[in-house]
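Notes for the one structure printed next.
The values are calculated or read from the model by the stated rules, or taken from the named source; none is laboratory data. Worth saying up front: this structure is predicted, and the values here are computed from it rather than measured. Neighbour counts are summed over all protein chains in view; Cβ atoms, including those assigned to glycine, are modelled from backbone coordinates with ideal geometry. For accessibility, only protein heavy atoms count, side chains too; no ligands or nucleic acids. Shrake-Rupley method; radii C 1.70, N 1.55, O 1.52, S 1.80 Å.
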Amino acid sequence: MVIKLCPKLILEGTRLTGKTDLALALNENPRIVGVRKYRYHSPIISAEWNGFVKKTHGSSLIDFEPKYEMQAIEAYRTWLRLFELYRYYSWIIDRFHISTQMWQATYRGVRYKFGWLESRLAALGFRLIFCWRHPDSFAEARRQRLKISSNPSQYDDLTIFIQDQQTMEKLIESSIIPKLVVDVTECSVEDQVGYIADWLEATGGLNPVESPSSPKSVLRPVRRSLEPAKVS
């Protein structure tokens with residue numbers, strides 16, 4: 001009998017942590033999405049999508065301008081309702097509301113409360129995957145990224161990434177969604193996928209009917225503590 005797997009994962013973390021590569025790998029791994037004999041549509045979505053303006057670069061669900069605030073909140077409500085309607089399907093999200101909270105608080109001084117969103121995401125069985133990198137390793141990550149980047153200047157100041165990561169740590173810790181911290185510093189994408197798959201299998205995160213019935217029920221995996229992010 002074929003068992004339908006319906007993982008619902010939100011990948012969070014600052015830039016240079018390999019979230020997109022991990023999202024793509026998760027969406028192809030049989031332990032996460034099941035064995036596939038042929039390729040078909042399986043959604044990966046992102047709050048980084050720029051759809052509010054015609055320009056190539058512009059407001060997204062993360063860095064929207066004040067005039068797009070209502071559109072952004074409505075977009076979150078629309079995504080949430082779609083997840084509820086399609087609860088028996090896999091969803092992998094490459095950055096979502098945690099990134100919005102971090103960016104808006106840091107760069108606009110606006111603090112958005114997403115308790116209404118998190119309670120319903122948790123009830124659906126969503127899990128948070130926090131991609132964390134040791135502060136000392138951002139320089140090497142930048143060197144690798146510059147080999148393919150079309151906008152290298154955005155990586156000039158690494159203190160921005162380290163500070164953003166510190167803010168995200170606090171937001172992740174306060175979230176009611178079950179969470180897992182993945183140290184990507186020296187861990188291959190393949191190993192990261194295996195680590196996440198082990199956790200999902202052990203905690204019932206691959207099928208929504210096995211998810212906690214209470215939105216406030218938080219599953220915390222055994223892991224080593226995060227090292228303090230220090231700027232040298």
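Where does the chain land at 222 nm, in deg cm²/dmol rounded to the nearest 500, when only DSSP H runs of n ≥ 4 count, each adding -39500 (n - 2.57), divided by all residues?
Only helices count here, giving -11500 deg cm²/dmol.
Counting only heavy atoms of protein chains, what accessible area per residue, in Å², does the chain have with a probe of 1.4 Å?
Numbers: 12590 Å² over 232 residues.
So the chain comes to 54 Å² accessible per residue, rounded to a whole number.
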(message) Testing the spin-label approximation: label points 7 Å from Cα along Cα→Cβ at ARG39 and LEU85. State their distance in nm.
(response) 2.8 nm
(message) Test of understanding: express the Cα radius of gyration of the range 1-129 as a ratio to 2.2 N^0.38 Å, with N the residue count.
(response) 1.11
(request) Taking amide H positions as placed in the peptide plane 1.01 Å from N, state which residues far from ILE92 in sequence (5 or more) or on other chains have amide H under 5 Å from it. (result) LEU9, ILE45
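Rg(Cα) of the range 1-66 divided by 2.2 N^0.38 Å?
1.42
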(request) Determine which lysines satisfy two conditions relative to LYS147: a Cα distance under 27 Å, and not lying fewer than 8 residues away in the same chain. (result) LYS19, LYS55, LYS230
(request) Compute the separation of the alpha-carbon centres of the range 128-185 and the range 1-47 and state it in Å as a whole number. (result) 20 Å
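Find the eigenvalues of the gyration tensor of the Cα atoms of the range 122-168, then list the square roots of 5 times those eigenvalues as equivalent ellipsoid semi-axes, largest first, in whole angstrom. Mind showing how you got there, number by number?
Details: eigenvalues 138, 37, 21 Å².
Value: 26, 14, 10 Å, ordered largest first.
If I take every Cα pair under 8 Å that is 6 or more residues apart in the chain, average their sequence separation and divide by the length, what percent do I get for the relative contact order?
Values: 340 pairs, mean separation 68.2, N = 232.
Computed over the chain, the figure is 29 percent.
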(message) Could you derive backbone 3J(HN,Hα) for the range 69-86 from the dihedral phi with the Karplus parameters 6.51, -1.76 and 1.60 (θ = phi - 60°), listing whole Hz in sequence and x where the residue is Gly or Pro?
(response) 4, 5, 5, 5, 5, 5, 5, 4, 5, 5, 4, 4, 5, 5, 4, 5, 6, 10
(request) Kindly provide the pair-distance distribution of the chain built from C-alpha pairs, with 5 Å bins from 0 and whole-percent values in order of increasing distance. (result) 1, 6, 14, 18, 20, 17, 13, 8, 2, 0, 0
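When the accessible area of the chain is split by element with a 1.4 Å probe, what percent falls to carbon and sulfur? Intermediate results must be reported in sequence, preceding the final value.
Values: 6640 of 12590 Å².
Carbon and sulfur together cover 53 percent of it.
About its Cα centre, how strong a charge dipole does the chain have in debye, to the nearest 20, once Lys and Arg get +1 and Asp and Glu get -1 at the Cβ?
Working: 32 positive and 26 negative charges, 122 e Å.
The calculated dipole for the chain is roughly 580 debye.
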(request) Give the Kirkwood hydrodynamic radius (Å, one decimal) of the range 55-188, defined as one over the mean of 1/r across all pairs of different Cα atoms. (result) 16.6 Å
